Amino acid sequence: MTLSVKHLLGIKELNLQDIEQIFQTADNFKKVLQRPIKKVPTLRDTTVANIFFENSTRTRLSFELAEKRLGADVVNFAASNSSVSKGETLIDTVNNILAMKVDMVVMRHSASGAPWFLAQHIDASIINAGDGINEHPTQALLDAFSMRERIGELKGKRITIIGDIMHSRVALSNIYCLAKLGAEVTVTGPPTLIPRHIASLGVKVEYNVKKALEWCDVANVLRIQLERQHKPLFSTLREYALYYGVNKQMLDSIKKKIVIMHPGPINRGVEINSDVADSNQSIILDQVENGVAIRMAVIYLLSGKREME
Amino acid sequence: MKTLLNSGQLNITLQRLAHQLVENHLSFNNTVIIGIQPRGILLSDRIVKMVKKISGNQQLEYGRLDITFYRDDVASRDILVPNETNIPFSIEGKNVVLIDDVLHTGRTIRAAMDALLDFGRPRKVELMVLVDRRFSRELPVQPDYSGHTVDTILTQKVVVFWNEKDGKDEVILIDKV
């Protein structure tokens, strides 16, 4: 039993069996993380490099903890204080790291597709920790894992994704993942932030946030990614918060109790209000907790293929 | 292929193992039983049932341990999907009886002891196996309770069938090609 892929580049390339296998393994790692000794020696002969060409708090920390709790050796690399600023190419940088006998690479890059490019040129397994506006597979896996923990099997369940769909790799990976698990997905937000042909991925589009919230079991609220918006796509953050922000008043006006998620970092008072983010409907911190278990599962399941090649 | 134990013989052996366990421990206040996933628990399920019957249904703490994450060959073989570990009690200061079906190289038991120690510090650890493949040890591990001892060579394999899972009770020795 192994995954059907050598790398975790995107959810798009996984099949349902892979996802189920990752969840089953993550269940076991979650139990390990709840023990007094939160560590197993499984990958004591493996070295993992975390290569981050873009800023990150949660994801990098989560990967690093996952690797350390599997007993792996970890090297961290941030592009900002490296030779990349002297003009070294991506392949050169990674090959130099691999020459120091690194077995696995976790990479975040601002260019969409960067991990696919890298996979063609190096032998080590690659885990995509977010590439541009394309995919963020481990986030989608931990989101679906957290949803399943709260509301059971996702087949037939309704998930709304709210906000900056256009610039969100979390949205795209979530859409692929939820579709494979048989859930129904609606995207909502300002028309300028919803890509024109998104419906071709099998999702519904709804421009009225309240209607989309009334429809769903779970709402995944996304961050407004101002750093990726090079031209104005809505007038002010205040206006965005007024029409598309999720607040307590809005949730209370819905008859059922829906689950609220957010991949972080939160812009409090913009896409989500504190009275929602900190309420008992929110599973934002469960998502972070599950992130470590999911990443342990992915790293573990990808680690075995090395000597089979 | 050769039958080592048929259904009737297997039952007698299991009865003996259960009686030996009760004889050595009398009270299970301070003794816990832990079966090793995935095949050891089929044996430990039976042993626990018999021990309860013999000792008059006294309270007995019983857990299951998965050793996948503690194996020493993770990188060199196909990745295994783990089974459930469920030890809903403290093993600190307890006598632990580890149970597995076949003892071969001793590597599984080494991994099990490492896994066990991550749950606490037991006072004593004992090992019960149904079949002891003598002379094939790669680590210094010996059983405290052994159902059946057999001399085998590396190319052979001992398979234990259980009614609950495989539809019959039998222990066989096969030659791998």
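The values are calculated or read from the model by the stated rules, or taken from the named source; none is laboratory data. What you see is a predicted model, and the numbers here were worked out from it, not measured in a lab. Cβ: placed from backbone, ideal geometry, glycine included. Neighbour counts: every protein chain shown.
Out of curiosity, is B:Gly147 small (Gly, Ala, Ser), modelled with pLDDT of 90 or more, loosely packed, with under 13 Cβ neighbours inside 10 Å and out of contact with any Pro (no Cβ under 9 Å at 6 or more places or on another chain)?
Answer is no for this residue.
Taking A:Met104 and the conditions (1) away from chain B (no Cβ under 14 Å); (2) farther than 29 Å from B:Ile91 by Cβ; (3) of a type in the set (A, V, I, L, M), which numbered condition does it fall short on, given that it satisfies the others?
Condition (1) is where A:Met104 drops out.
One residue is enough: does the stretch A:44-57 have a residue meeting the conditions within 19 Å of A:Leu301 (Cβ to Cβ), loosely packed, with under 15 Cβ neighbours inside 10 Å and touching a Gly at 6+ places or on another chain (Cβ under 6 Å)? Step through it out loud before you land on a result.
Here is the first cut: in the stretch A:44-57, the ones within 19 Å of A:Leu301 (Cβ to Cβ) are A:44-50.
Those still in the list that are loosely packed, with under 15 Cβ neighbours inside 10 Å too: A:44.
Still in the running and touching a Gly at 6+ places or on another chain (Cβ under 6 Å): A:44.
Scanning the stretch A:44-57 turns up at least one residue that is within 19 Å of A:Leu301 (Cβ to Cβ), loosely packed, with under 15 Cβ neighbours inside 10 Å and touching a Gly at 6+ places or on another chain (Cβ under 6 Å).
Being buried (at least 18 other Cβ atoms within 10 Å of the Cβ), acidic (Asp, Glu), in contact (Cβ under 8 Å) with a residue 60 or more places away in the chain and under 24 Å from A:Ile266 (Cβ atoms), is that true of even one residue in the stretch A:98-114?
No; the residues of the stretch A:98-114 include none that is buried (at least 18 other Cβ atoms within 10 Å of the Cβ), acidic (Asp, Glu), in contact (Cβ under 8 Å) with a residue 60 or more places away in the chain and under 24 Å from A:Ile266 (Cβ atoms).
Contact list please: Cβ distance under 8 Å, first residue in the stretch A:46-65 and among the β-branched types (Val, Ile, Thr), second residue at pLDDT below 95 and assigned to a helix (DSSP H, G or I), pairs at least six apart or on different chains.
Once the first residue is among the β-branched types (Val, Ile, Thr) and sits in the stretch A:46-65, its partners that are at pLDDT below 95 and assigned to a helix (DSSP H, G or I) give A:Thr46/A:Ser303; A:Ile51/A:Ala79; A:Ile51/A:Thr93; A:Ile51/A:Val94; A:Ile51/A:Ile97.
If you check A:Lys157, A:Lys210, which single one turns out to be out of contact with any strand residue (DSSP E or B) (no Cβ under 6 Å at 6 or more places or on another chain), at pLDDT below 95 and under 20 Å from A:Lys257 (Cβ atoms)? Quick ask: steps written out before the conclusion?
Values: A:Lys157 fails: at pLDDT below 95.
Only one candidate qualifies: A:Lys210.
Of the residues that make up the stretch A:105-128, is at least one on the phi > 0 side of the Ramachandran plot and under 19 Å from the mean Cα position of the chain (by Cα)?
Yes, because at least one residue in the stretch A:105-128 is on the phi > 0 side of the Ramachandran plot and under 19 Å from the mean Cα position of the chain (by Cα).
Just wondering, is there one or more residues in the stretch B:96-105 that are in contact with a Ser or Thr (Cβ under 7 Å, 6 or more places away or on another chain), free of Cβ contacts under 8 Å to residues at least 40 places away in the same chain and closer than 20 Å to A:Arg44 by Cβ?
Yes, the stretch B:96-105 contains a residue that is in contact with a Ser or Thr (Cβ under 7 Å, 6 or more places away or on another chain), free of Cβ contacts under 8 Å to residues at least 40 places away in the same chain and closer than 20 Å to A:Arg44 by Cβ.
Give the residues of the stretch B:9-58 that are within 17 Å of the chain's Cα centre (by Cα) and either among the acidic types (Asp, Glu) or on the phi > 0 side of the Ramachandran plot (or both), sorted by residue number.
The one that is within 17 Å of the chain's Cα centre (by Cα) and either among the acidic types (Asp, Glu) or on the phi > 0 side of the Ramachandran plot (or both): B:Asp45.
Are any residues in the stretch A:264-285 under 14 Å from A:Val218 (Cα atoms) and out of contact with any Lys or Arg (no Cβ under 7 Å at 6 or more places or on another chain), and if so, which ones?
Here is the first cut: in the stretch A:264-285, the ones under 14 Å from A:Val218 (Cα atoms) are A:276-277, A:280-284.
Residues satisfying the conditions are A:Asn280, A:Ser282, A:Ile284.
Just to verify a result, which residue in the stretch B:76-89, among those that are touching a Leu at 6+ places or on another chain (Cβ under 7 Å) and closer than 30 Å to A:Val48 by Cα, is farthest from the other protein chains (Cβ to nearest Cβ)?
B:Thr85
If we scan the stretch A:242-264, do we find a residue that is within 14 Å of chain B (Cβ to nearest Cβ) and either without any contact (Cβ under 8 Å) to a residue 60 or more places away in the chain or out of contact with any strand residue (DSSP E or B) (no Cβ under 9 Å at 6 or more places or on another chain) (or both)?
No, the stretch A:242-264 contains no residue that is within 14 Å of chain B (Cβ to nearest Cβ) and either without any contact (Cβ under 8 Å) to a residue 60 or more places away in the chain or out of contact with any strand residue (DSSP E or B) (no Cβ under 9 Å at 6 or more places or on another chain) (or both).
Quick check on my filter: what residues within the stretch B:21-32 are within 11 Å of B:Met50 (Cβ to Cβ) and in contact (Cβ under 8 Å) with a residue 60 or more places away in the chain?
Within the stretch B:21-32, B:Leu21 is the sole residue that qualifies.
Does the stretch B:110-123 hold any residues that are within 30 Å of B:Ile174 (Cα to Cα) and within 12 Å of chain A (Cβ to nearest Cβ), and which are they?
If the condition is that a residue be within 30 Å of B:Ile174 (Cα to Cα) and within 12 Å of chain A (Cβ to nearest Cβ), then B:Arg110, B:Ala111 are the ones that fit.
If you take just the strands (runs of 3 or more DSSP E) that sit entirely in the stretch B:1-80, which of them hold at least 2 residues that are in contact with a Lys or Arg (Cβ under 8 Å, 6 or more places away or on another chain)?
B:31-36
Taking the stretch A:60-74, which residues are part of a helix (DSSP H, G or I), away from every other protein chain (no Cβ under 14 Å) and aliphatic (A, V, I, L, M)?
Result: A:Leu61, A:Leu65.
This table checks each residue for (1) out of contact with any helix residue (DSSP H, G or I) (no Cβ under 9 Å at 6 or more places or on another chain); (2) within 11 Å of chain A (Cβ to nearest Cβ); (3) crowded, with 19+ Cβ neighbours inside 10 Å.
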| position | (1), (2), (3) |
| --- | --- |
| B:Tyr62 | no, no, yes |
| B:Tyr70 | no, yes, yes |
| B:Val74 | no, yes, yes |
| B:Ile91 | no, no, yes |
| B:Val96 | no, no, yes |
| B:Thr108 | no, no, yes |
| B:Val125 | no, no, no |
| B:Leu139 | no, no, no |
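Would you point out the residue of the stretch A:75-95, among those that are outside any helix (DSSP H, G or I) and over 18 Å from A:Ala124 (Cα atoms), that is farthest from the other protein chains (Cβ to nearest Cβ)?
A:Gly87
Identify the single condition in (1) of a type in the set (Val, Ile, Thr); (2) in contact with a Lys or Arg (Cβ under 8 Å, 6 or more places away or on another chain); (3) modelled with pLDDT under 95 that A:Ile37 does not satisfy, given that it satisfies every other one.
Answer for A:Ile37: the failing condition is (2).
Quick check on the stretch A:82-89. Is at least one of its residues at pLDDT 90 or above and of a type in the set (Val, Ile, Thr)?
Among the residues of the stretch A:82-89, not one is at pLDDT 90 or above and of a type in the set (Val, Ile, Thr), which makes the answer no.
What tally of residues in the stretch A:1-59 results from selecting those that are more than 9 Å from chain B (Cβ to nearest Cβ), touching a Pro at 6+ places or on another chain (Cβ under 8 Å) and not in a loop (DSSP other than H, G, I, E, B)?
Selection size over the stretch A:1-59: 3.
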